[in-house]
Amino acid sequence: MSSADHAVERFCTGQSVGIGSLPHRDAAAAAAFSISEFDIATVPTLPNRSPAEAMIDQALAGLTGTSWDADGSLVIDPSTLAMGDAPPDLDTDAFGGLTAFIHLARQVGVNGSPVKWQFVGPVTLGVALARAGVDHADAFAIATESVRRHTSAISAVIADALPSSPQLMLLDEPWLVELMANDFPIPPDVAVDLISAGMATVSPEVAVGLHCCGPVDVATMLEAGPQVISLPVSDDLVEYAGYLGRFIKSGGVIVWGALPTTGPLPTRSDRFWRDLSAVWCALVERGVDASELRLRSLVSPECGLARHQVSTARRVARLTSEIGRKVNAQAISTKLAFGA
């Protein structure tokens, strides 16, 4: 078993994990939330605390040709945008959540426990740059290099602070929902190659994955070669049963976005546990191994919670954990049934 495969084994059996951003304006409070409210300690991102910590802005902080205007919005000058030679500076306002997380994680003894973090993917970052007026070829080249440098730097900082903690990195690619559109700026095979390259830049000991918070072509998502995929619970996933079955059979892990983060938010987990169970039953009917499905699943909110109150985010996190405990109980029952 490779070191990365071993790391993936620490991320399964219904553990709850955070996805996306949090609403906190206090970085220390956000770090405490991310460590205490999820089974897997999750590095927070905090765009309400600072616009520089928004997904796209964070990836472009410090690049030549970028600045912030009076209201905190990122301004890109397409004619001068460039990476430069300096390595990413993580000791800036764009990484306040990461800094606070590492500080608290050291204090409370997280070292040895799994840690999850995420960063914008090269496709989504490239689309954002292209829409800002950057030449398409330059946009995706800069995006790929930015993701490569930042993810390498973040994984190294976490490994230095928490050397015994297995890491899970998810590339956040919301624009994958438009990948099959005729007017998408790059073809699917190019997007797959960019994502694969983005996941390959961290240490082999880091488990790597891909998150998309909308309806996505799962076959294309898997073609990029993630060890973990993260996506919302949906009946549409049943049509990909063959792909998902092979994925988990080969050691892959699925993060099920079980709790909604838009519209009226839930006060109970029952309905969403039933929704997840119904999708699982349909997958099993189409040949997915039921025991592997239970054993190789994590649960999360569908997407980030930055648009909500902290109290609402806490409720969603705790309901997510309720569902995770049910998954875990089923996974343990499966292990006992097979004498594991």
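Ranked by how many other Cβ atoms sit within 10 Å of their own Cβ, fewest first, the residues ASP77, ASP235, ASP275 fall in the order ASP235, ASP77, ASP275. Absence of a disulfide-compatible partner, taken as no other cysteine beta carbon within less than 4.7 angstrom, is noted in the chain for CYS12, CYS212, CYS281. With helices as the sole contributors, the chain gives -13500 deg cm²/dmol at 222 nm; each DSSP H run of n ≥ 4 counts as -39500 (n - 2.57), and the sum is divided by every residue. Rounded to 0.05, the FRET efficiency of the ARG131 and ASP85 pair, given R0 = 22 Å and the Cβ-Cβ distance, is 0.25. Listing LEU168, LEU283 from fewest to most neighbouring C-beta atoms within 10 Å gives LEU283, LEU168.
I need SER155, SER16, SER113 ordered by Cβ neighbour count within 10 Å, fewest first. Don't jump to the answer; show the numbers that get you there.
Details: SER155 20, SER16 27, SER113 17.
Listing SER155, SER16, SER113 from fewest to most nearby Cβ atoms yields SER113, SER155, SER16.
Considering only GLN330, GLN167, GLN15, the mean-square fluctuation computed in a Gaussian network model of the chain, springs between alpha carbons under 10 angstrom, is largest for GLN330. Would you look at the GNM of the chain, springs on alpha carbons closer than 10 Å, and say which of ALA28, ALA86, ALA191 moves the most? Looking only at ALA28, ALA86, ALA191, the largest GNM fluctuation is found for ALA86.
In this Cβ point-charge picture (+1 for Lys and Arg, -1 for Asp and Glu), the chain has a dipole of about 1560 debye about its Cα centre.
Here, each number is a calculation from the coordinates, and none is a lab measurement. No experiment lies behind these values; they were computed from the predicted model shown. Here the Cβ is made from the backbone with ideal geometry for all residues, glycine too, and neighbour counts use every protein chain on show.
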